[in-house]
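Read through the structure below, which is laid out as structure tokens, and then see the notes.
Read the figures in this text as sums done on the coordinates, not as results from a lab. Source: prediction; values computed, not measured. So basically every Cβ, Gly included, is an ideal-geometry build from the backbone, and we count neighbours across all protein chains shown.
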Amino acid sequence: MSRTVEITILNVENICANKNSIKKNAFVSLECDSSNEICYSTKENSEECGGGSCLSWNEKLIMEVPFNARFIIADVKCKTSWGNIKSVGMARIPLSDLYVQDNQVQFLSYRLWDSNVMRNGVINISVKVKNLEYSFPVTGIPVTGIGLNEIVTGIPIWLSNLQRNC
């Protein structure tokens, strides 16, 4: 089972490789922490945006995210002068940040970290969770009796059962 998540990679700000600002030939790959098999990727960026300290894509990627996944890993990579592909910044996006109402757009920014665990820029994305279906009914108890819409969810525990086991 999985859910569909639409992630638009907007841009990356202040990213460097070997203390040099990256201006082109970069792309972003997305994958879930639960499966290394499926990877989604943007096209290679061939030009810089605005003031030169950010890379822009504005590219939409539609992912099938398994229910057992906890993170989406965004990895910014670039081509080196030798033609090799090098990871220059990575962010772990918790799926708990993405649980919004069905088809609601969210704009999020995450700090990127390089392979030496040093800060290396920020990635800006927009997210829309599509066709969000729950595999269990969401039920709860009203929090207050003053007409608010909040509910408390959970598994009921009967105290009589706990007292016998103690």
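Straight-line reach from Lys19: which lysines have Cα under 28 Å away, leaving out those fewer than 8 places along the same chain? Answer for Lys19, where 28 Å is the Cα cut-off: Lys43, Lys77, Lys79, Lys86, listed by chain and number.
When the charge dipole of segment 65-112 is built from unit charges on Cβ atoms (+1 for Lys and Arg, -1 for Asp and Glu) and taken about the Cα centre, the candidate among Leu112, Gly83, Ile73 whose Cα reaches farthest toward its positive end is Gly83.
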